[in-house]
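One structure is given below, encoded as structure tokens.
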Amino acid sequence: MTDSARKSYDVAVIGAGMAGMAAALFAAQRGLSSILIGSGGGLLFASGLLDLLAVHPVPEGRLWSSPYAALAALAREQPEHPLARIDPSCIRAAFDAFVSALDSAGLNYAPLRERNSDVLTSIGTVKTSFGVPTTMVAGVGALDARPPCLLVDFRGLREFSARQIASTLADRWPKLRYQRIDFPGFEAVPEVNAVHLAMALEIGETRGRALALIRPLLGDARVIGLPAVLGLGRSREVHAAFEAGLGVPVFEIPTMPTSVPGLRLQGALETATSVHGVQRRQASVRALAYDGSTALLDLDVTGGERISARAVVLATGRFSGRGLTADRQGVRETLLGLPVHQPASREAWHQRDFLDPAGHAINRAGLRTDAAFRPLDASGKPAWPGLFAIGSILADQDWMRAKCGSGLAIATAWAALEQVSQQLRGSQANVSAR
């Protein structure tokens, strides 16, 4: 391909999970041309909940009602953590912009406040999270007040059991009961899929038949819980129809992956980035090199494609996203061979107890960066002035145990794009980092 045919962008984002989607969105909102490279498959495993920070310190398992109070403690006690290096005002702005974009794409979240919420899971445990889809909000209030509640599930939906939830919560919620019904049109199907049910409920006739089956079961129930199958791309409409048809608040409970809320989130982010003019390539980067102030990226597509960008954002994730890979010699960054902060030996990767509350050192391995979120080379300097790293590939965090995965993705994307925007516009002001 000749240079004249090569497409050029302000920002190339590598990785299309939540961090990559957020980075491309924030770049476009700042008026920067951007291209998003990657498949985005990781979002299929999302619950739809947007965690910010719920647990700190991780070894103690301390739960926080306020994520911002938790962030303040994190900044004092673990200043190397990526979230501890971003001003809380920027984290607020990042979440507001992210949720607003989702809302414009048809996926609504409850207003973001200063507190975390407790949300039911598909096995009856309680998850503490920050951003809650409106289809799940009634369950937050029900967990607090514990009114008479009916849980309904569907025969053949193996990833969800209303009976299990009711059994787990029997002592805590005595007025919680359950019923299992056949899903209309799937009576003869031995095993049903949540995605198929969600799509079916977008058809008015199927929805009406489902409501007719549930109404006689209401009894004294003042709230109804259902598996998260109330529509795929039209969840707002389907949820509203269920509340109107049953006459009581209705809440969804996230199912096991691959989840409908994860698909909704992916679809809404794809819509939001497209509306903002983000270009997309469902491909991998075969090679990345720097030519002065420009990065050259060779994409692994039929016939090959080379693009150039003034800045590159690595949002490639950890092992499942193939941003990191491990072998007998240690952990490596896959694309550029950047130094990975990690335990000195494989023997130190894991604790002897798999369920050790402190977690495992390997979960905190990753790239270290400077204050602008530029990954460091072996000499401790930025590998390239226009290269940035965000999300779970960053070192010194255990996002699963700290319940901060979405916060890590969204906040670091915002902070990095603030730096990119300033850099590309010729300013060295440090707006986001402490």
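The values are calculated or read from the model by the stated rules, or taken from the named source; none is laboratory data. Predicted, not measured: the structure shown is a model, and the values here were computed from it. Note: ideal-geometry Cβ built from the backbone for every residue, glycine included; neighbour counts use all protein chains shown.
Among the candidates Leu74, Leu102, the residue that is in contact with a helix residue (DSSP H, G or I) (Cβ under 6 Å, 6 or more places away or on another chain) and within 30 Å of Ala162 (Cβ to Cβ) is uniquely Leu102. Comparison of Ser235, Ser284, Ser293 shows that the only residue that is surrounded by fewer than 16 Cβ atoms within 10 Å (Cβ to Cβ), hydroxyl-bearing (Ser, Thr, Tyr) and within 29 Å of Leu36 (Cβ to Cβ) is Ser293. If the condition is being surrounded by 12 or more Cβ atoms within 10 Å (Cβ to Cβ), at pLDDT below 90 and not in a loop (DSSP other than H, G, I, E, B), then region 316-352 contributes Arg346, Ala348.
A quick yes/no check of all residues on (1) out of contact with any helix residue (DSSP H, G or I) (no Cβ under 6 Å at 6 or more places or on another chain); (2) hydroxyl-bearing (Ser, Thr, Tyr):
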| position | (1), (2) |
| --- | --- |
| Arg146 | yes, no |
| Arg158 | yes, no |
| Gln164 | yes, no |
| Thr168 | yes, yes |
| Arg177 | yes, no |
| Phe186 | yes, no |
| Asn193 | yes, no |
| Leu201 | no, no |
| Gly204 | yes, no |
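The set of residues from region 66-90 being under 14 Å from Cys404 (Cβ atoms), assigned to a helix (DSSP H, G or I) and of a type outside the set (A, V, I, L, M) comprises Pro67, Tyr68, Pro82, Arg85, Pro88.
Return yes or no: is Phe388 aromatic (Phe, Trp, Tyr), modelled with pLDDT of 95 or more, not in a helix (DSSP H, G or I) and not assigned by TED's automatic domain parsing to the domain that holds Phe130? For Phe388, the condition - aromatic (Phe, Trp, Tyr), modelled with pLDDT of 95 or more, not in a helix (DSSP H, G or I) and not assigned by TED's automatic domain parsing to the domain that holds Phe130 - is met. Within region 353-368, if we keep just the residues that are within 15 Å of Gly317 (Cα to Cα) and in contact with a Phe, Trp or Tyr (Cβ under 9 Å, 6 or more places away or on another chain), the residue that is surrounded by the most Cβ atoms within 10 Å (Cβ to Cβ) turns out to be Ala365. Go through region 297-321 and count every residue that is under 22 Å from Leu376 (Cβ atoms) and in contact (Cβ under 8 Å) with a residue 24 or more places away in the chain. Residues in region 297-321 being under 22 Å from Leu376 (Cβ atoms) and in contact (Cβ under 8 Å) with a residue 24 or more places away in the chain: 12 in total.
The single condition among (1) within 30 Å of Ala389 (Cβ to Cβ); (2) not in a strand (DSSP E or B) that Thr128 does not meet is (2).
Buried (at least 22 other Cβ atoms within 10 Å of the Cβ) and closer than 20 Å to Phe98 by Cβ: is that true of Leu269 in this structure? Yes; evaluated as a whole, the condition is true for this residue.
Of all the residues in region 370-388, those that are under 17 Å from Val331 (Cα atoms) and either touching a strand residue (DSSP E or B) at 6+ places or on another chain (Cβ under 6 Å) or crowded, with 24+ Cβ neighbours inside 10 Å (or both) number 1. Screening region 1-43 for residues that are surrounded by fewer than 17 Cβ atoms within 10 Å (Cβ to Cβ) and among the hydrophobic types (A, V, I, L, M, F, W, C) and picking the one that is modelled with the highest pLDDT gives Ala5.
For Asp144, are the conditions met, namely being free of Cβ contacts under 8 Å to residues at least 24 places away in the same chain, among the acidic types (Asp, Glu) and either assigned to a loop (DSSP other than H, G, I, E, B) or touching an Asp or Glu at 6+ places or on another chain (Cβ under 9 Å) (or both)? It is false that Asp144 is free of Cβ contacts under 8 Å to residues at least 24 places away in the same chain, among the acidic types (Asp, Glu) and either assigned to a loop (DSSP other than H, G, I, E, B) or touching an Asp or Glu at 6+ places or on another chain (Cβ under 9 Å) (or both).
On the given criteria, is Ser432 modelled with pLDDT under 95, among the small types (Gly, Ala, Ser) and surrounded by 20 or more Cβ atoms within 10 Å (Cβ to Cβ)? Considered against the rule, which asks whether it is modelled with pLDDT under 95, among the small types (Gly, Ala, Ser) and surrounded by 20 or more Cβ atoms within 10 Å (Cβ to Cβ), Ser432 comes out as yes. Being in contact (Cβ under 8 Å) with a residue 40 or more places away in the chain and touching a Pro at 6+ places or on another chain (Cβ under 7 Å) narrows it down to one of Leu376, Leu394, so name that one. After applying the criteria, what remains is Leu394.
Assessment of region 38-52 against the conditions (farther than 24 Å from Arg236 by Cα and in contact with an Asp or Glu (Cβ under 9 Å, 6 or more places away or on another chain)) yields no matching residue. The number of residues in region 364-391 being under 23 Å from Met21 (Cβ atoms) and of a type in the set (S, T, N, Q) comes to 1. For region 154-196, a tally of residues being touching a residue at least 60 places away in the same chain (Cβ under 8 Å), crowded, with 18+ Cβ neighbours inside 10 Å and among the aliphatic types (A, V, I, L, M) returns 4. Exactly one residue out of Ala138, Ala93, Ala101, Ala166 is over 24 Å from Val195 (Cα atoms) and either of a type in the set (A, V, I, L, M, F, W, C) or part of a loop (DSSP other than H, G, I, E, B) (or both), and it is Ala93.
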